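Notes follow the structure.
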Amino acid sequence: MLAEDVRKLESEKERLLEENKELLVLLGDEPPKPMNCGCCAHFMQHYIKIGISNYMETYAGHCVHGRTVNKKPDGKTCRYFEFGRRRTF
Ligand code: SF4
């Protein structure tokens, strides 16, 4: 009984490993990231203060590449786009 369960689990594991390999081939090494200002290293997220010490992200921010421009996190990218996250303080 126990041996049968172990055999089933090993079979399931092999199937999942094969499925995982196929998905990695389809997606490449890294899953695709969205191309928008919110994923750019030059995007500065805006926050609002809630209560005494809590902050929450707003649907707003600005770009700090070259000059400050108001941007939305899902805004259209420009030629200076770089994947990354700006350090927050
Ligand atoms: S405008 Fe360009 S540089 Fe600025 S946050 Fe968007 S993609 Fe990045």
Q: Of the numbered conditions (1) in contact (Cβ under 8 Å) with a residue 12 or more places away in the chain; (2) near the ligand (Cβ under 8 Å from one of its atoms), ARG79 fails exactly one; give the number of that condition.
A: (1)
Q. Considering only region 50-71, how many residues are surrounded by fewer than 10 Cβ atoms within 10 Å (Cβ to Cβ) and aliphatic (A, V, I, L, M)?
A. 3
Q.
I'm told LYS13 meets every condition in (1) near the ligand (Cβ under 10 Å from one of its atoms); (2) part of a helix (DSSP H, G or I); (3) open to solvent by 90 Å² or more (accessible area, probe 1.4 Å) except one. Can you identify the failing condition by its number?
A. (1)
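The rows are residues; the columns are (1) modelled with pLDDT of 85 or more; (2) near the ligand (Cβ under 9 Å from one of its atoms).
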{"residue": "LYS8", "(1), (2)": "yes, no"}
{"residue": "LYS49", "(1), (2)": "yes, no"}
{"residue": "TYR55", "(1), (2)": "yes, no"}
{"residue": "GLY66", "(1), (2)": "no, yes"}
{"residue": "ARG85", "(1), (2)": "no, no"}
Q.
All but one of (1) acidic (Asp, Glu); (2) within 16 Å of the ligand (Cβ to nearest atom); (3) open to solvent by 100 Å² or more (accessible area, probe 1.4 Å) hold for ASP74; state the number of the condition that does not hold.
A. (3)
Q) Can you pull out the residues in region 35-63 that are in contact (Cβ under 8 Å) with a residue 12 or more places away in the chain and farther than 11 Å from GLY75 by Cα? A) ALA41, HIS42, MET44, GLN45, HIS46, GLU57, THR58
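The values are calculated or read from the model by the stated rules, or taken from the named source; none is laboratory data. In this text, all values refer to a predicted model and were calculated from it rather than measured experimentally. All Cβ positions, even for glycine, are placed from backbone atoms using ideal geometry, and neighbour counts span all protein chains on display. For accessibility, only protein heavy atoms count, side chains too; no ligands or nucleic acids. Shrake-Rupley method; radii C 1.70, N 1.55, O 1.52, S 1.80 Å.
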